[in-house]
Amino acid sequence: MINKYNSLFIVETNKTSYLFTEEDGILYQLYYGEKLNVNKTNAEQIREALMEKSKYNIGNSIDSKPGKTFDNCKLEISSLGKGDVRYPSIQMQFADGCVTNNFRYSSYEIIEGGVAMSLPTAACADETLLVKLMDDSGARVTLSYSVFEACDVICRNVTVTNTGKEPLILQSVMSMQLDLDYVPVRIMSFGGSWAHEMNRFDTSLSHGRYVGESLTGTSSSRKNPFFIVCEEQATEEHGLCYGVNLIYSGNHYESVEVNSYGKVRIMNGIHEKGFSWTLLPGQSFESPQSVLTVTKGGYAGISKNMHAFVKNHIVRGRWAKKERPVLLNSWEAAYFKFDEAKLLKLAKAGKEAGIELFVMDDGWFGKRNDDKSSLGDWQVNLEKLPNGVKGLVDKIHQIGMDFGIWIEPEMVNEDSDLYRAHPDWVLRHPGSEHATSRNQMILDMTREDVVSYLIETFTALLESAEINYVKWDMNRIVSDAFSQALPADRQGEVLHRYVMGVYALADALTKRFPDILFEGCASGGNRFDLGMLCFFPQIWGSDDTDAYERAHIQTGYSYGYPLLAVSAHVSSVPNHQTLRRTPFETRFAVAMAGVLGYECNLAELSKEEFEAVKEQIAFYKAHRKTLQFGTYHRIFCGQSDLTRRNLFAFNIVSEDQTESIAVNFLGQFTPNMPGMKLFAKGLIDDGLYKVENRQVMHNVKDFGDLINTVSPVHIKQGSLVHNVVAKVVKMEGERESYVATGALLSHAGISLKQGYVGTGFDEDVRLMYDYGARVYVIKSMDRTDATEG
């Protein structure tokens, strides 16, 4: 709900209040936190109580009026030249060279729903507040506040309009500025690199400025745009936290600053480096929406709000609420080396295992036998697929599976017919040597003719056969950001216009083919952001399919994104990215937390492994609704203390709280640490639940020559006898079965069976090797009570 009482603006969600006020044309931030229940009767008293008191100027600072030192004020917008020497939220240059702004409040408007923008925006806002400010030099700024009450989220953005008679150059515009009173803050950010995304980094700040940024041309695996600002002592479930994200897929900037007066300023938006935008008289520029939420419920409270927001207001279309299929991707099974017969053999094995969607990855077009050529030539390679794409698609459908295909629309190889025909269609300076990555160049998505060509090219492909899924990849970062279609004074617009071109292409294809499930990808998580999720309901979280690394990566994503948005695959071992060997059950336990897929050669698995895959897929389908649409709870996140050495634990609870799937994943085995507990959050406190584990089977080979301590004859390791014994003798893992209340599972935990300590093993001993995992099914024993809860 949004109200204005006299000079006080009140922007409220179900549980939070955002208050600011206007005085002498300046907008002062007053409060953002738990709900204050402001009404017409108490509004003036609340404003007076929150307004910072001041009477005399402070030393050599500049005052807007006696006692109002801008540098010591909490403001809704800031600029250069009037005394606020903190980092400004907006910078522009007028025709006469002036870079000073003096924005003053002009008017406001409250509208139902959200605002239409040229950028992707959060859908189905409840209300939006528009506040306009004017500058005497000829600029208008409109601050937008869209409310999503049930999620406790506010989206903000800024629109700059040239109201003068001369051009102005917009040098920087942040989407959001939030000024707060001092509290020792800690910034939790997420980043890394290719195959090592979404590591959590905690940075304490008592003075100075923290900056997170991407200059890759994408939202980047280096630094995701999502971050949390919290009080120093905040924990998973306790403490004041502010969650911030950006609905944008290009270069971004976020900063947290504590100035000399102890004021905290949080900002985010498009990165100013490499950015400038010329506004002719009457033209406007819209910044992307910034996403804000606040809670005193710790990181879990931020995740709860952000997950609900993404599920209900970012992901859209027919797949938003539809269960996602289990897929088999050809990449790690075949790479570029395949033909129709090999793909059909793989697909038939997938069908037998229970796979629902077969995906043909890179290598199906042009002369694409490696990564050196043919990007841009989206005509089928008839040597590999003599019956064309349609011929293969029809055969996959006859097998009883849906069909998916890989594309990389934004890229072109120098060795391609497209580049030879249109060398001016790439981002590069014609007089300079071009920097390539993976032998790829980047198409100039600022050009309407390029975007139109790609729309028609991929429309023809997707109309040529009954294609059910598209994996949209982007396998490099941006370099040589120069467009031959733009004049010299507009080259600062290239990076943003590129993103706009990508959005135009994604918007056109997803609207033309609403039934197709589109999955985003950019060398894994190099463009995992809310902007792309507005078009693609799921994104490939990382090229790293190693279960241990994926546990870290997916935990990182879980702070700001629901794992329904993260696709995850079970792959072969040794893993292709790390050469690490992890148990089959562990690979499944980690991948099932996201949108489950397989990326291994199912046609060449052993009988035992193949049966395990069949059982895993059957289990996933039986619990798919809970796993995909349930509420995700972090329990342990890889702590390295004595008793939880690299333990990852989480559980996912169904919407009606009648079921939960929980996972304990041990990174490294710790000797003589037999105890382990099972926790589960989000269940009904007084609800009664049956708890059982997915039983695992152990191979006698895993015990090495310990087999000779129980064998009547000596068995040599690796011998024929050893192999025969391993096939015949199966060792059952522990069975766990308990009845517990939701409160017990949440607060006390269930003490599980003793772990292996090297002195004995039987069916009552829990044997978890390095990278071992257990999956637990928690079912309500009283569905009536659970539903009422």
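Computed from the coordinates by the stated procedures, all read-outs in this text should not be read as laboratory data. From a predicted model like this one, the values you see are computed outputs, not experimental measurements. All Cβ positions, even for glycine, are placed from backbone atoms using ideal geometry, and neighbour counts span all protein chains on display.
On a 0 to 90 degree scale, rounded to 10, what angle separates helix 298-309 from the longest Cα axis of the chain?
90 degrees
Pick out, from Leu596, Ser255, Gly760, the residue whose Cα sits farthest towards the positive end of the charge dipole of the chain, with +1 on the Cβ of Lys and Arg and -1 on the Cβ of Asp and Glu.
Of the listed residues, the answer is Gly760.
Where a ≥ b ≥ c are the square roots of the eigenvalues of the C-alpha gyration tensor, would you call region 177-278 rounded, which needs a/c under 1.5, or, failing that, prolate if a/b is larger than b/c, or oblate?
In terms of gyration-tensor shape, oblate.
Return one number: the angle in degrees, 0 to 90 and rounded to the nearest 10, between the long axis of the Cα atoms of helix 340-353 and the longest principal axis of the Cα atoms of the chain.
80 degrees
Given the DSSP H assignment, sum -39500 (n - 2.57) over each helix run of at least 4 residues in the chain and divide by its residue total; what's the result at 222 nm in deg cm²/dmol, nearest 500?
-5500 deg cm²/dmol
Order of 91-103, 362-374 by packing, highest average Cβ count within 10 Å first? Walk me through the intermediate numbers first.
Numbers: 91-103: 16.1, 362-374: 18.5.
My ranking of the peptides, most packed first, is 362-374, 91-103.
Suppose we take every Cα in region 387-473 and form the convex hull; what volume per residue is that in Å³?
112 Å³
Give the Debye-formula value of log10 I(q)/I(0) at each listed q (0.15, 0.17, 0.21, 0.23 Å⁻¹), with one equal scatterer per alpha carbon of region 12-123, two decimals each.
Values, matching the q order: -0.88, -1.06, -1.29, -1.35.
Tell me, what HN-Hα J-couplings in whole Hz come from the Karplus equation 6.51 cos²θ - 1.76 cosθ + 1.60 at θ = phi - 60° for each residue of region 74-80, using x for Gly and Pro?
Taking θ as phi minus 60°, the curve returns 8, 10, 8, 8, 9, 8, 7 Hz for region 74-80.
Between Thr163 and Arg318, how high is the FRET efficiency from 1/(1 + (r/R0)^6) when r is the Cβ-Cβ distance and R₀ = 41 Å? Nearest 0.05. Present the calculation step by step, with values, prior to reporting the outcome.
On the way: r = 42 Å, r/R0 = 1.02.
Efficiency, rounded to the nearest 0.05: 0.45.
Provide the convex hull volume over Cα atoms per residue for region 455-598, in Å³.
Taking only Cα atoms, region 455-598 has a hull volume of 136 Å³ per residue.
If the chain between Asp202 and Lys621 were fully stretched, how many nm would it gain, using 0.36 nm times the residue separation less the Cα-Cα distance? Don't jump to the answer; show the numbers that get you there.
On the way: separation 419, 0.36 × 419 = 150.84 nm, distance 3.73 nm.
Computed gain between Asp202 and Lys621 is 147.1 nm.
Pairs to check: Lys53/Lys74; Lys348/Lys471; Lys223/Lys296; Lys342/Lys384; Lys4/Lys40. Give those whose C-alpha atoms are more than 18 Å from each other in this structure.
Lys348/Lys471; Lys223/Lys296
Give, rounded to the nearest 20 debye, the magnitude of the charge dipole that region 181-244 has about its Cα centre when Lys and Arg contribute +1 at Cβ and Asp and Glu contribute -1 at Cβ.
Approximately 320 debye in magnitude.
Once R0 is set to 51 Å, what does the formula 1/(1 + (r/R0)^6) return for the Cβ-Cβ distance between Gln93 and Thr459, expressed as a FRET efficiency to the nearest 0.05? Please report the intermediate quantities before stating the final value.
Working: r = 42 Å, r/R0 = 0.82.
Efficiency, rounded to the nearest 0.05: 0.75.
Measuring from label point to label point, each 7 Å out along Cα→Cβ, what is the Asp762 to Ser193 span in nm?
5.0 nm
Just need the relative contact order of region 72-130 here, percent rounded to a whole number, with Cα pairs under 8 Å and 6+ apart.
Worked out over region 72-130, it gives 24 percent.
From the residues Cys534, Pro712, Cys521, which one has its Cα farthest along the dipole of the chain in the positive direction, the dipole being from +1 and -1 charges on Cβ of Lys/Arg and Asp/Glu about the Cα centre?
Positive-end residue among those listed: Pro712.
In µm²/s, what is D for region 681-786 at 25 °C and 0.890 mPa s, where D = kT/(6 pi eta Rh) by Stokes-Einstein and Rh is the Kirkwood radius from Cα pairs? Walk me through the intermediate numbers first.
Numbers: Rh = 16.3 Å.
Translational diffusion coefficient: 151 µm²/s.
Can you give me the relative contact order of region 490-571 as a percent, contacts being Cα pairs under 8 Å and 6 or more apart?
About 23 percent, as a whole number.
Excluding same-chain residues fewer than 8 positions from Lys730, which lysines have a Cα within less than 17 Å of its Cα?
Lys607, Lys701
How many angstrom lie between the Cα centre of region 357-415 and the Cα centre of region 462-534?
Region 357-415 and region 462-534 have Cα centres spaced 19 Å from each other.
Run the quick spin-label model on Glu237 and Thr100: label points 7 Å from Cα toward the beta carbon, then report their separation in nm to one decimal.
If labels sit at Glu237 and Thr100, their model points lie 5.5 nm apart.
Just to check, using Stokes-Einstein with a Kirkwood Rh over alpha carbon pairs, what's the diffusion coefficient of region 238-281 at 4 °C and 1.567 mPa s in µm²/s?
Values: Rh = 13.2 Å.
The calculation lands on 98 µm²/s.
How far is it, in nm, from the label point at Asp339 to the one at His397 when both lie 7 Å from their Cα along the line to the Cβ?
2.5 nm
Glu44 to Gln283: extension gain in nm, 0.36 nm per residue of separation minus the Cα-Cα distance?
Difference between extended and current length: 82.2 nm.
At a threshold of 8 angstrom on Cα-Cα distance, excluding pairs fewer than six apart, so keeping six or more, what relative contact order does region 601-719 reach in percent?
About 16 percent, as a whole number.
With charges set only on the Cβ (+1 for Lys and Arg, -1 for Asp and Glu), what does the dipole of the chain come to about its Cα centre, in debye to the nearest 20? Each step should come with its number before you reach the end.
Details: 81 positive and 100 negative charges, 179 e Å.
It comes to approximately 860 debye.
Hey, got the dipole for region 8-83? About the Cα centre, +1 on K and R Cβ, -1 on D and E Cβ, debye to the nearest 20?
Computed about the Cα centre, the dipole is about 80 debye.
Which entry in [x] 27.1, 89; [y] 36.5, 124; [z] 28.4, 97 is this structure's computed Rg and Dmax of the Cα atoms in Å?
It is the one labelled [z].
Once the Cβ-Cβ distance between Tyr108 and Asp449 is put in as r, and R0 is 35 Å, what FRET efficiency do you end up with, to the nearest 0.05?
Rounded to the nearest 0.05, the efficiency is 0.25.
Consider a paramagnetic label point 7 Å from the Cα of Asn60 along Cα→Cβ; state which residues of region 254-285 have an amide N under 13 Å from it.
Zone members listed by number: none at all.
On C-alpha positions alone, give me the angle between the axis of helix 388-399 and the longest principal axis of the chain, in degrees, nearest 10.
60 degrees
What are the ³J(HN,Hα) couplings of region 371-385, residue after residue, when phi is run through the Karplus curve with 6.51, -1.76, 1.60 and θ = phi - 60°? Round to Hz, x for glycine and proline.
Those phi angles translate into 8, 8, 8, 6, 4, x, 9, 8, 10, 4, 7, 6, 5, 7, 10 Hz.
Given 4 °C and 1.567 mPa s, how large is the Stokes-Einstein diffusion coefficient of region 62-161 in µm²/s, with Rh as the Kirkwood radius over Cα pairs?
Details: Rh = 15.2 Å.
Estimated via Stokes-Einstein, D reaches 85 µm²/s.
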